[in-house]
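The values are calculated or read from the model by the stated rules, or taken from the named source; none is laboratory data. The model shown is predicted, which means the values in this text are computed figures rather than measured ones. Heads up, the Cβs are rebuilt from the backbone with ideal geometry, glycines too, and the neighbour counts pull from every protein chain shown. What goes into the accessible areas is simple: the full protein's heavy atoms, side chains included, and nothing from ligands, DNA or RNA. Shrake-Rupley method; radii C 1.70, N 1.55, O 1.52, S 1.80 Å.
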Amino acid sequence: MLTETHPNAQWLSDVYRGGAAIASDPNLDEDEREHRQKEHAQAIMGRMSPNMIIHTGGVRLTVTAGMDFLTKYHKRRAMLSDVNVQPLGFDQILADDYYGIVHGTFRTARGDVLWTRVGMGAWRFEDGIAVEHWELSNGPKWDEFFLAGDPDFNGSALEFWTRGV
């Protein structure tokens, strides 16, 4: 049964709520915030399989790929936005030995364009290690937001997300 108290749920809570707390801490200057975010990311990676599979959001921009892609994907998303999928709040974080679900509100921004949405992250675990992740959001709006950041692009979703990184 999925619960808030399962160790995988507690890890997901730290992943999401911990990152959000660092991002929104008004007492941190940019250098300290970046330092803490890097530390946080390293701690997260300790519970992710080196063979991690990511299923990105979108319809036209959806990709299923591994850890090498995931690093490039995060960089490319940051290149296409001023605020890159910032968590604002979480309604529920539940998990069991096999699956986890995160339900929350997220914001992404570029210039004057602000996209706030309810979304979900679904996770699959094996032996306490995250092995697969799905980004669940409004697919057409996902495409619209990120394609507008590179309107002249014409190619595959994989080419889009790895362009320039």
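The listed residues Arg117, Arg163, once ranked by accessible area (1.4 Å probe) with the largest placed first, stand as Arg163, Arg117. For Phe146, neighbours were defined as the other residues whose beta-carbon sits under 12 Å from its Cβ, and their charges (Lys and Arg +1, Asp and Glu -1) total +2. If you take every residue apart from Arg76 with its C-beta less than 10 Å away from the C-beta of Arg76, what net charge results, scoring Lys and Arg +1 and Asp and Glu -1? Once all neighbours under 10 Å are counted, the net charge is +3.
log₁₀ I(q)/I(0) of the range 1-68 at q = 0.12, 0.21 Å⁻¹, via Debye over equal Cα point scatterers, no solvent, to two decimals? Normalising to I(0) and taking log10 leaves -0.45, -1.02.
Would you mind finding the longest exposed-site-free stretch of the chain, with exposed chymotrypsin sites (Phe, Trp or Tyr not before Pro) meaning DSSP loop and at most 14 other Cβ atoms within 10 Å? Don't jump to the answer; show the numbers that get you there.
Working: sites that count: Tyr98, Phe153.
In the chain, the maximal stretch lacking such sites is 1-97.
For the chain, the longest principal axis of the C-alpha atoms and the axis of helix 139-148 are separated by about 50°. The relative contact order of the chain comes to 27 percent, based on Cα pairs under 8 Å that sit 6 or more residues apart.
Length gain on complete extension for the stretch Asp96 to Val118, per 0.36 nm per residue less the alpha carbon to alpha carbon distance? Walk me through the intermediate numbers first.
Details: separation 22, 0.36 × 22 = 7.92 nm, distance 2.25 nm.
Computed gain between Asp96 and Val118 is 5.7 nm.
Considering only alpha-carbon pairs that sit under 8 angstrom and 6 or more positions apart, the relative contact order computed for the range 56-152 is 28 percent.
Solvent-accessible area of Asp68, all protein chains in place: 130 Å² (probe radius 1.4 Å, heavy atoms, ligands and nucleic acids excluded).
Have a look at the DSSP beta bridges in the chain and tell me what percent are antiparallel, nearest 5. The answer is about 90 percent antiparallel. Entry note, the chain: the mean residue ellipticity at 222 nm calculated from DSSP H runs of n ≥ 4, each adding -39500 (n - 2.57), is -10000 deg cm²/dmol after division by the residues and rounding to the nearest 500.
Of the solvent-accessible surface of the chain, computed with a 1.4 Å probe and all protein chains present, 52% belongs to carbon and sulfur.
Work through the residues other than Thr5 whose Cβ is under 15 Å from its Cβ and net out their charges, Lys, Arg +1 and Asp, Glu -1. Local net charge: -3. Computed with a 1.4 Å probe on the full set of protein chains, the accessible area for His35 sits at about 90 Å². Hull volume per residue, based on the alpha-carbon atoms of the range 1-148 and their convex hull, is 113 Å³.
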